[in-house]
Amino acid sequence: MVRGSGILAVAILGLSACSTRTADLADCTTYVAAGFRKIADERAQRFLGKVQEDTAQCRGGDRAVAFRSTPWVDWQNYWAVGDSNSKAAGPSGEHVHLSPNGRGVDGALLDLEYQRIELIKFNLFDNSGTFAQYLRGRDHIDGAALKTWEEMRLPRNNPLYAAVGGNGTQLCRGELIRARMLTGICNDIKNPLMGSTGQMFARNVEFDTTFPESGNNFLVKNRHGDRLGLLKPDPQVISRKLLTRVQSDPAKCNDGRGLAGNSAKANCDYKKAPFLNVLAAFWVQFMTHDWFSHLEEGSNGPELIPMGCETEIEAGVEKLLTPERMKQLNCRPEDRIDKGLIGIETQPSTFTYAGQEYLSRAPKATQNKNTAWWDASQLYGFDEDSRHRVKRDPGDPAKFLLVSSPSGEAYLPLLQSSDPMNPQWAGQESVAFADNWSVGLSFFHNVFAREHNLFVDAFRERAAQTPDADSGLRNPATPSRIIEYKDVTADELFEAARLVVAAEIAKIHTTEWTPQLLYNEPLFLGLNANWHGLLKDFPQAREALEKIVVQNFGPSRDVKEATQWYSVFASGSGIFGLGNHVYADEPIFAAFDPAKEDLWDLSNPDHVNGGINHFGSPFNFPEEFVSVYRLHSMLPDLIELRDLNGDPNVISGKISLLETVRGKATGALRKGGLANWGLSMGRQRLGALTLQNSPLFLQNLSMPRLPGGSGKVDVLALDLVRDRERGIPRFNEFRRQYGLKQLTSFDDFADPHLPKDSAELAEQRRLIGIVRESYGQHRCDAAKVITKAQTNDDGTLINDCLGHTNGSMVDNIEDVDVVIGMLAEFARPHGFAISETQFQVFILNASRRLFSDRFFTSSFRPEFYTQLGYEWVLNNGPEKMIENGLPNGHQIEVMPLKRVLMRTIPELRRELAPVIDAFDPWARDRGEYYSLEWKPRNGAESDEAFTR
Ligand code: HEM
């Protein structure tokens, strides 16, 4: 501990100027005297989200202390991190660090920041050949401080090889840096290849923990014995037992197909999340289609593989299913799927560092067939084929082509036979990312095509008014030449509009979708910090972060390390816009100050590129990130149809999602119209991410692209098969790798906060029983060490018995597929639609995709976005709008998706007026402070969704 840290800690808690009950503060003295935690030096010493007893007492009182013995993160038990019941009596809100509520929220933010720092430190594993440099460093530079890599150079066969410098130092310039390039090259101008289409997915876990089925080393063998395989335990059996939605009246659901004529009498039961709507489910699929894809134009390799429905575990022994049992389980042994594409599967080389042997990459690696950047590539394209499907308006090529339907509404045009396409997409709208299409994706693609065009209209209007004025845009090849409005070409405007739309989307996701998905005060503050920074509106958290910096890095003699880690604390100034102003002595963290001279210079590569930070490891998403986005349970089977021109409180019909997939989406969207689809999906709750709550229609999805087999696939079983093909570690090691506590039995999944006699706990125990039945138990052997990622609390090695008596029967918790484990996590922080394991993956990767992107940091400038575009992103549209009241105690701007919907579908303005966050069910009364209650707002009392 560094001397003086106690004083700093006292300062941060304001104990020297106390104004609250002495009894409360007395709880904090021991914790404060100990000072701030040091960032772990070794993987096995990580924070794990568990704090000391006195810290827990100080931040959450007896309740927080009581739950310290559970595996789940402690901050969820602090004061004021839940709804109003979590608040202690006394003051709350900003500037009250001293109060129990202030300590609770500040404490949660500190814990989250520790997690992020350690995730960046311990969880970056690049698969494209740079990993050895990351550990060893290069040219006397620490690995974590490296900023360029040979592996990120454009290869000789790239048509732009010469343009970026060929064999010499590669640097993108001129036309290559003006806008987002189709394939994502030249985002980082010094690492042209990074994040581009076709690069390898990275990993967040140690390479030797991947592909546990292959039993590559003794730890993996000790951990899983011979219990794992691609179809072991059987994926379809797991899907049918642990994922199927149980129906009170199966005839009314009809396996997710509903009733004839979209009758409103149809019903498919599903467990609902009261604080998220169906738009939120399709939004995240819309996002994943921007970030990653493993498939090539919607297809995998030619080889077909079975999908299970062959065996089940009975009394710990794997047994073949009889035909009767298959029928009972309703699974299909004849299902086949195309084998997943693999990019590299040659044996990776090894190297030695600090006396230990390492793999240079994972034993197999797959390619991201999309750009990894948050560049709206699902709309604008990521390779030649996908760009071909993006249709521009011949009347104004700066715009997307939208065609009028018979009802007079404008929609995206349909795919033509001349377009590159997978035959199973016939009849769909023509978009860059066309796979797994449905009415939900069609909705968002149309909304954002309209938004793009509205921006172009606004620009054209300004150009008509002030044709000779400076548009803000510059050509990096001639940086000093002013480009006037009248001289901006259609192509330049199209690309600027793309930048604007991509930034709006990233802002919606960061400040509107995610805070609703993780609906509590620390996450609201933390996510707004990622975007806007804590400097401006949230001074209490900023102070806390600065103290950690001083504690850990201020004294460091290693300047590079200090600089690297300092970037983590960009949450002080916000990641978005980092480095887009340069003042003397403030090259990265400068906040806009009109009184100072801004030295940012388009002709200086270090200014253009200066705000990014990859933390020593080239940016791409890890395989683990794809896995935690397998959120199929969010989808209901039936969409409740409403009519804006009638009574919006009435559900007039129910349509099966099966009737809206692929080509059928076109007719469905046009028949209802965007406004009615917005209303319907905006009011309906999405499916909770929990066991026995996945859509029936996805267990029976027809797959016309696959010959033979049953013609159908169980997409939920496929989620497990794909994760296994890609070597995702199983649940317990996954948690250990990410710096979370392991579980020691399936019983740990139950929510410890529930009263012992509650019906909810009984239901959780029932489901846990099925997890045990599906994955089994084994007799443990304490001589077998199973991991090196963590140790037991007493420092001893973790063994096969997980703390149970040697030779006793223990649960096969090590074998659980991550997707199943995530759904089984019943204990979650307040308002968390996802599990804490999923969240841990997001903390790291959601920050990185902002930190690494030049267009969200130092190149977020009018020179690229135009002045209008720059302001459009900052203001969520043409002008800033402030929301009525103080939602959850904060004054906020009207949120960006709400603004986009009001602009692109003006018919929805009245319905949206009382809505704060477009992903919260639109007719819900948000009540006080992060309420999750399901009750109607004024005017929606007759909405029948509230009677069920
Ligand atoms: C009608 C709606 C949907 C359909 C028909 C659908 C269908 C599918 C299918 C067939 C696959 C497997 C592709 C393969 O590996 O061969 C898949 C993968 C996936 N789906 Fe969905 N899905 C839907 C909605 C969603 C939603 C709402 C999410 C939420 C995030 C989602 C997330 C994913 C992810 C992350 C993958 C893995 C992608 C990859 O491997 O790169 N899907 N989906």
Once the Cα gyration tensor of the stretch 380-461 is diagonalised, semi-axes √(5λ) in Å:
21, 15, 12
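Two-decimal Rg/Rh of the stretch 42-146 from alpha-carbon positions, Kirkwood Rh?
Details: Rg = 18.3 Å, Rh = 15.8 Å.
Value, to two decimals: 1.16.
Using the Kirkwood radius over Cα pairs, work out the Stokes-Einstein diffusion coefficient for the stretch 753-832 at 25 °C and 0.890 mPa s, in µm²/s as a whole number.
167 µm²/s
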At what distance in nm do the modelled label points of LYS784 and ALA584 sit from each other, each positioned 7 Å from its Cα along Cα→Cβ?
6.8 nm
Need one number: nm distance between label points at GLU944 and ILE770, each 7 Å from Cα along Cα→Cβ, rounded to one decimal.
2.8 nm
Might you tell me the accessible area per residue for the stretch 789-948, computed with a 1.4 Å probe and given in Å²?
32 Å²
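At a 1.4 Å probe, what is the % contribution of carbon and sulfur to the accessible area of the chain? Display every interim value, and only then the final one.
Values: 17810 of 33980 Å².
Carbon and sulfur together cover 52 percent of it.
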Please work out how much accessible surface ARG46 shows to a 1.4 Å probe, ignoring ligands, DNA and RNA, in Å² rounded to 10.
20 Å²
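Could you pull out the pairs from LYS339/LYS364; LYS87/LYS898; LYS399/LYS507 whose alpha carbons sit more than 26 Å apart here?
Numbers: LYS339/LYS364 14 Å; LYS87/LYS898 30 Å; LYS399/LYS507 22 Å.
From the list (LYS339/LYS364; LYS87/LYS898; LYS399/LYS507), the Cα-Cα distance tops 26 Å for LYS87/LYS898.
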Starting from the exponent 0.38 and prefactor 2.2 Å, build the expected Rg for the stretch 384-430 from its residue count and divide its actual Cα Rg by it.
1.20
Using a ≥ b ≥ c from the Cα gyration tensor of the stretch 192-340 (square roots of the eigenvalues), is it rounded, prolate or oblate, where a/c under 1.5 gives rounded and otherwise the larger of a/b and b/c decides, a/b for prolate?
oblate
Using just the helices of the chain, give the 222 nm mean residue ellipticity in deg cm²/dmol: DSSP H runs with n ≥ 4 each add -39,500 (n - 2.57), and the total is spread over all residues, rounded to 500.
-9500 deg cm²/dmol
With a cut-off of 17 Å, note down the residues of the stretch 727-762 whose backbone N falls inside the zone around a label point 7 Å from the Cα of MET809 toward its beta carbon.
745-748
Excluding PRO467 itself, what net charge comes from residues whose Cβ is under 13 Å from its Cβ, given Lys and Arg +1 and Asp and Glu -1?
-2
With the cut-off at 54 Å, report for the chain the share of all Cα pairs above it, as a whole percent.
10 percent
Alpha-carbon Rg with Dmax, taken over the stretch 318-466, Å:
23.6, 77
Please report the spacing between the Cα centers of the stretch 218-237 and the stretch 139-196 in Å, no decimals.
41 Å
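Please identify the helices of the chain, taking whole runs of DSSP H, that span at least 18 Å along their own axis as judged from the Cα atoms and have a mean Kyte-Doolittle score of 0.5 or higher.
Working: long enough: 100-122 (32 Å, -0.22); 278-291 (20 Å, 0.76); 439-465 (39 Å, -0.03); 490-508 (27 Å, 0.85); 539-552 (20 Å, -0.51); 664-683 (22 Å, -0.30); 759-775 (24 Å, -0.33); 836-851 (22 Å, 0.12).
Helices meeting the criterion: 278-291, 490-508.
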What are the aspartates and glutamates whose alpha-carbon lies under 14 Å from the alpha-carbon of LYS935, with same-chain residues fewer than 8 places away excluded?
ASP920, ASP925, ASP943, GLU944
Two decimals, Cα atoms only, Kirkwood Rh: what is Rg/Rh over the stretch 707-757?
1.19
At the level of C-alpha centres, the distance separating the stretch 271-304 and the stretch 675-717, in angstrom, is 11 Å
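In Å², and per residue, what accessible area does the stretch 66-223 have when probed at 1.4 Å with the other protein chains present? Write out the running numbers ahead of the final one.
Working: 5580 Å² over 158 residues.
That works out to 35 Å² per residue.
Multiply the residue separation of ILE882 and ALA595 by 0.36 nm, subtract the distance between their alpha-carbon atoms, and state the gained length in nm to one decimal.
Values: separation 287, 0.36 × 287 = 103.32 nm, distance 2.58 nm.
Residue separation times 0.36 nm, minus the Cα-Cα distance, leaves 100.7 nm.
With r defined as the distance between the Cβ atoms of ALA162 and ARG481 and R0 fixed at 30 Å, what FRET efficiency is calculated, to the nearest 0.05?
Details: r = 25 Å, r/R0 = 0.84.
In this case the efficiency is close to 0.75.
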Computed ³J(HN,Hα) along the stretch 221-230: with the Karplus parameters 6.51/-1.76/1.60, θ = phi - 60°, integer Hz and x for glycine or proline, the list is 5, 5, 6, 10, x, 10, 8, 10, x, 4
Please compute one quarter of the surface area of the Cα convex hull for the stretch 431-516 and express it in square nanometres.
7.6 nm²
Need one value: the accessible area of ILE177 in square angstrom, 1.4 angstrom probe, rounded to the nearest 10.
10 Å²
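Could you please tell me the mean projected area of the C-alpha convex hull for the stretch 602-761, averaged over all directions and given in square nanometres to one decimal? Write out the running numbers ahead of the final one.
Numbers: hull surface 71.2 nm².
The Cα convex hull of the stretch 602-761, projected and averaged over all directions, gives 17.8 nm².
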Can you give me the long-range amide H partners of PHE832? Hydrogens built in the peptide plane at 1.01 Å from N, cutoff under 5 Å, separation of 5 or more residues or another chain.
TYR519
Residues in the stretch 430-460 reached by a label modelled at ASN875 [backbone nitrogen below 16 Å; 7 Å Cα→Cβ]
454-460
I'd like the accessible area for ASP719, computed on protein heavy atoms only with a 1.4 Å probe and all protein chains in place. Round to 10 Å², please.
10 Å²
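Provide the gained length on full extension for the span LYS221 to ASP751, in nm with one decimal, where the gain is 0.36 nm per separating residue minus the Cα-Cα distance.
Values: separation 530, 0.36 × 530 = 190.80 nm, distance 3.09 nm.
Computed gain between LYS221 and ASP751 is 187.7 nm.
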The Cα extents of the stretch 82-234 along the principal axes, largest first and rounded to whole Å, are 67, 52, 37
Using the Karplus equation 6.51 cos²θ - 1.76 cosθ + 1.60 (θ = phi - 60°), what ³J(HN,Hα) coupling, rounded to whole Hz, does each residue of the stretch 309-323 give in order, writing x for Gly and Pro?
6, 10, 9, 9, 8, 10, 6, x, 10, 7, 10, 5, 7, 7, x
Using the Karplus equation 6.51 cos²θ - 1.76 cosθ + 1.60 (θ = phi - 60°), what ³J(HN,Hα) coupling, rounded to whole Hz, does each residue of the stretch 266-277 give in order, writing x for Gly and Pro?
5, 7, 10, 5, 8, 7, 10, 8, x, 10, 9, 9
In nm, spacing of pseudo-spin labels at THR791 and THR169 (7 Å Cα→C-beta vector):
4.6 nm
The set of residues whose placed amide H lies less than 5 Å from the amide H of CYS186, leaving out same-chain residues fewer than 5 positions away, is LEU193, MET194
Farthest towards the positive end of the dipole of the chain, among MET287, GLY653, ILE505 and with Cβ unit charges of +1 on Lys and Arg and -1 on Asp and Glu, lies the Cα of GLY653
Protection proxy ranking of 755-765, 577-587 - average other beta-carbon atoms within 10 Å, highest first:
577-587, 755-765
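What is the antiparallel percent of DSSP beta bridges lying wholly in the chain, to the nearest 5?
95 percent
Under 12 Å from the Cβ of LEU641, count the other residues' Cβ atoms, weight Lys and Arg +1, Asp and Glu -1, and hand me the total.
Details: positive: ARG642, LYS654, LYS671, ARG683; negative: GLU640, ASP643, GLU659.
Net of charged neighbours comes to +1.
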Amide H within-cut-off set for ARG138, under 5 Å, with H built and near neighbours excluded
GLY143
To make sure I understand the rule: partners must be lysines, Cα under 19 Å from the Cα of LYS671, and not fewer than 8 residues away in the same chain. Which ones qualify?
LYS654
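Might you tell me the accessible area per residue for the stretch 716-762, computed with a 1.4 Å probe and given in Å²? Mind dumping the intermediate values first?
Numbers: 1230 Å² over 47 residues.
Each residue of the stretch 716-762 exposes 26 Å² on average to a 1.4 Å probe.
The values are calculated or read from the model by the stated rules, or taken from the named source; none is laboratory data. Keep in mind the model is a prediction, meaning the values are calculated, not measured. Methodologically, a virtual Cβ is constructed for each residue, glycine included, from the backbone with ideal geometry; neighbour enumeration extends over all protein chains shown. We work out accessible area using only protein heavy atoms, side chains counted, and drop any ligands, DNA or RNA first. Shrake-Rupley method; radii C 1.70, N 1.55, O 1.52, S 1.80 Å.
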